[in-house]
Amino acid sequence: MKILVPVKRVVDYNVKVRVKADSSGVDIANVKMSMNPFCEIAIEEAVRLREKGVATEVIAVSAGLLQCQETLRNAMAIGADRAILIETDVELQPLAVAKLLKAIVDKEQPGLVILGKQAIDDDANQTGQMLSALLGWGQATFASKVEVSGDTATVTREVDGGLETISLKLPAIITTDLRLNEPRYATLPNIMKAKKKQLDNVKPADLGVDVTPRLTTLKVEEPPKRRGGVKVADVAALMDKLKNEAKVI
Amino acid sequence: MANLVIAEHDHGSLKSATLNVISAAVAIGGDVHVLVAGENASAAAAAAAQVAGVSKVLLADGAAHAKLLTENAALQVVAVAAGYSHILAPATAYGKSVAPRVAALLDKAQISDIIKVVDADTFQRPIYAGNAYATVKSSDSVKVLTVRGTAFGAAAATGGSATVESVTAVADSGLSSFVSAELTKSERPELTAAKIIVSGGRGLGSGEKYRELLTPLADKLNAAMGASRAAVDAGFVPNDYQVGQTGKIVAPDLYIAVGISGAIQHLAGMKDSKVIVAINKDPDAPIFGVADYGLVGDLFELVPQLTAEL
């Protein structure tokens, strides 16, 4: 069984982005870019399934600028066997990405697609579910544990009230939550090896997908600033503030 | 214009997040209908019919909805979607799983986590962990939205008198099945709806200390209990306690952060709280940058003192 793992190149999670002065977006020039952390967890999970003998091949795929090749090399350094870049400079929205991924799935016929539950740039949390719907497959979002046996995946999900376990008929979609695994560090030998692995390049038009955005961003603003307040000396002073100033207790 | 709200419920009652979504639908304007997809869910449908602002409730009652599987829920929404200009769901684990499926089946974009209705086509939503707010306009004929509950007040649970109309429940998709659930049992208010939240971080050191220090404080305040990602990852508390960018988004009247340093991912989940109190031994912790009242010191001494004062 092949596992397909879509990965996204995003602003590194340690970077606090700044809104551009003209409100057109956030300034990502000269900012450190990395693989979306949830995508890293997805790659790790797929590689572990291959190491367990459940999967035979892990294919990483990314859509976007040519620079996404770095993200794909990183995925291959973690352990993906090969990679596909769907290269475009059009702003990709989740529905378009899901359609691109569906075209890749139709071609590669994986038994499982594992994606991050959300990208930490647009915080959309949509692509996995959309891909699942387009394929007519089952989905397990927010996975914290995955077991595959035969043509079934048993997935524990992090839901609002705690944990829920569901069973999926394969092929299926899984989206990863934070506690699914702790991704390994790519070692130097594996980074070197990843440079030699196969990386194919396709264009949305090759896949017959229209990626025209449906949403227009009119403006991007700073959120209202929360001003830091005061430090109080002791518990008595805090109680006084809460009772008499904030009036919340 | 007509809005369809996908209710989140447990068959017997509505989850409170549904009330916030109804408020967002009212803000968009036009009729507000609520879909209750469940099994033996007439009580939840009756509750939805009571909510102020709702004019019709669609009840899809069938075995396929017994375990609220998201594939079946999405098919149900699509089955009744004709004629609606807006389809809304709460930005909860359930809503976030269903809404994108619905959007893809309808070949529409989905707009996540809206915090403001600008007009019927235009919405504001946070991006980059809430470090920026984007205003986006949709060119689609149907808008599929998830709604951040903390940004919209809850609609009044009574005062409405909507009709309840039964619709045919979809058949089970057969794509997934329920195995088991391990839900946290708690007598406390729900985290996302609580007026006061006591939240703990790695500074507490262990699950035992988390409970020993924070439970009495939360009891005195009738507060919900939350945690930072670090505390959940360390196993102090279950996953459903997590507040933050990828956990729960909360905005209580009072948020007491104990031993939480304040990573941007955590701040993203709580910085809209009305009053924030931080107790931390590190005077330079970023949490103090958003806290109204900061108390620097040893939380193992300060928290019991605070509890005793209440």
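Points to keep in mind about this one:
- For the chain pair B and A, the interface hides roughly 6600 square angstrom of accessible area in total, found with a 1.4 Å probe.
- Summary value for chain A: 23 percent relative contact order, contacts being C-alpha pairs under 8 angstrom separated by 6+ residues.
- Size estimate for the range B:134-218 follows the Kirkwood approach: the inverse of mean 1/r over distinct Cα pairs works out to 19.3 Å.
- The range A:9-58, Rg to Rh (Cα coordinates; Rh as Kirkwood inverse mean 1/r): 1.26
- Over 14 Å [Cα-Cα, the range A:35-80], rounded percent: 45
- Accessible surface, per residue, of chain A when the full set of protein chains is kept, probe 1.4 Å, Å²: 44
- 222 nm mean residue ellipticity, helices alone, for the protein assembly as shown (DSSP H n ≥ 4; -39,500 (n - 2.57); rounded to 500): -8000 deg cm²/dmol
- Using only alpha-carbon positions in the protein assembly as shown, the gyration tensor eigenvalues give semi-axes of 35, 30, 23 Å once each is multiplied by 5 and square-rooted (largest first).
- Per residue, the convex hull spanned by the Cα atoms of chain B amounts to 130 cubic angstrom.
- For the range A:1-98: rounded, prolate or oblate by the Cα gyration tensor [a/c cutoff 1.5]: prolate
- Along each principal axis, taking the top coordinate minus the bottom one, the Cα set of the range A:152-224 gives 46, 38, 35 Å in descending order.
- For chain A, the Stokes-Einstein estimate of translational diffusion at 37 °C and a viscosity of 0.692 mPa s comes to 166 µm²/s, using the Kirkwood hydrodynamic radius over alpha-carbon pairs.
- For the protein assembly as shown, with all protein chains in place and a probe radius of 1.4 Å, 50% of the accessible heavy-atom surface sits on carbon or sulfur.
- Computed over chain B, relative contact order equals 15 percent, with contacts defined as Cα pairs under 8 Å that lie 6+ residues apart.
- Reduction of at least 20 Å² in accessible surface, 1.4 Å probe, comparing all protein chains with the chain by itself, residues of the range A:81-109: A:Leu95
- Quarter the surface of the alpha carbon convex hull of the range A:118-194 and you get the mean projected area, 7.0 square nanometres.
- Rounded to whole numbers, the Karplus 3J(HN,Hα) couplings from phi for the range B:22-36 are 4, 4, 5, 5, 4, 5, 5, x, x, 5, 10, 10, 10, 9, 10 Hz, using 6.51 cos²θ - 1.76 cosθ + 1.60 with θ = phi - 60°, and x at Gly and Pro.
- Out-of-range pairs (alpha-carbon distance over 19 Å; input B:Lys116/B:Lys143; A:Lys247/B:Lys185; B:Lys15/B:Lys220): A:Lys247/B:Lys185; B:Lys15/B:Lys220
The values are calculated or read from the model by the stated rules, or taken from the named source; none is laboratory data. In this text the structure is predicted, and so the values were computed from the model without any measurement. These accessible areas exclude ligands, DNA and RNA; they are computed on the full protein's heavy atoms, side chains included. Shrake-Rupley method; radii C 1.70, N 1.55, O 1.52, S 1.80 Å.
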